[in-house]
Amino acid sequence: MSTYPNARFVTSAAEAHQLAPDTGREIAFAGRSNSGKSSAINAITQRAGLARVSRTPGRTQLINFFELGPERRLVDLPGYGFAKVPEMVRARWLELMEHYFNVRESLVGLVLIVDSRRGLGAQDAAMLEWMLARGRRAHVLLSKSDKLNRSDSLAVLRQTRAACNDAAVTVQLFSAHARKGLEEARALLEEWLGG
Ligand SMILES: Nc1nc2c(ncn2[C@@H]2O[C@H](COP(=O)(O)OP(=O)(O)O)[C@@H](O)[C@H]2O)c(=O)[nH]1
Ligand SMILES: [Mg+2]
């Protein structure tokens, strides 16, 4: 299964007019702050440090674009659900996300990172809705599955699949630290990005 030795950072957008050119195909990664999104991007691309792993969640409100190859991008969306963020920052996040999901023609699918110990929350469900309402696909990574024993991780997998009762949504267990579920995630990226 291919990895991405040539993956590179392209640009960051803090505002709507700063998005990377809307050509080719891209996959967006979204999730709560601290859900393990940056770790997942690094593990899947096998590029440690490509997306920074943060110990101060909720700070950045940037859309980060990474190129895997010509016209194939991963997009690291700003995390949500951080309690201490001021209302104005929250409103800006919503505005930027709505703009992104509405205009982005190259967006083929969403990878939603959900901490397997928390399960799917209301904001996670809202992100899925944005994608499905626009006829696109979504894939849920139940992250940090190394923190759960086998029966608990299978239970959360089953519950999440039941909650995401839509043919356009798939769900898998994932751990960046234990390197679990990497091949499955990469296969999906390859499929969505068209080889
Ligand atoms: N146990 C465990 N911890 C993880 C895993 N992935 C990320 N973390 C930890 O969760 C925290 C947040 O990770 P990060 O990737 O920065 O999350 P982000 O805020 O969603 O980008 C960090 O302390 C990571 O070390 C994992 O697979 N297993
Ligand atoms: Mg991050």
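Among Val156, Val85, Val171, the largest mean-square fluctuation in a Gaussian network model of the chain, built with springs joining Cα atoms closer than 10 Å, belongs to Val85.
Here the 3J(HN,Hα) profile of region 41-48, calculated from phi with Karplus coefficients 6.51, -1.76 and 1.60 at θ = phi - 60°, is 4, 4, 5, 5, 7, 6, 10, 4 Hz, Gly and Pro shown as x. Straight Cα distances below 16 angstrom link Lys147 to the aspartates and glutamates Asp115, with same-chain residues fewer than 8 positions distant left out. Rounded to the nearest 20, the size of the Cβ-charge dipole of region 83-149 about its Cα centre is 200 debye, with Lys and Arg at +1 and Asp and Glu at -1.
Each residue of region 107-118 was assigned a 3J(HN,Hα) from its phi angle through the Karplus expression (A = 6.51, B = -1.76, C = 1.60, θ = phi - 60°), giving 6, 9, x, 10, 9, 9, 8, 10, 4, 4, 7, 8 Hz with x at Gly and Pro.
Charge dipole of the chain (Cα centre as origin; +1 on each Lys and Arg Cβ, -1 on each Asp and Glu Cβ, all else neutral): 720 debye, rounded to the nearest 20. Can you work out D for the chain in µm² s⁻¹ from Stokes-Einstein, where Rh is the Kirkwood radius over C-alpha pairs, the temperature is 10 °C and the viscosity is 1.306 mPa s? Reported coefficient: 95 µm²/s. Here the Karplus curve 6.51 cos²θ - 1.76 cosθ + 1.60, taken at θ = phi - 60°, turns the phi angles of region 151-159 into couplings of 6, 5, 5, 5, 5, 5, 4, 5, 4 Hz, with x standing for Gly and Pro.
Relative contact order for the chain: what is it in percent, counting Cα pairs under 8 Å that are at least 6 residues apart? Relative contact order, the chain: 24 percent.
No value in this document is a laboratory result; all are computed from the given coordinates. Quantities reported herein were computed from a predicted structural model and do not represent experimental measurements. Cβ sites come from the backbone with ideal geometry, for glycine too, and all protein chains shown count toward neighbours.
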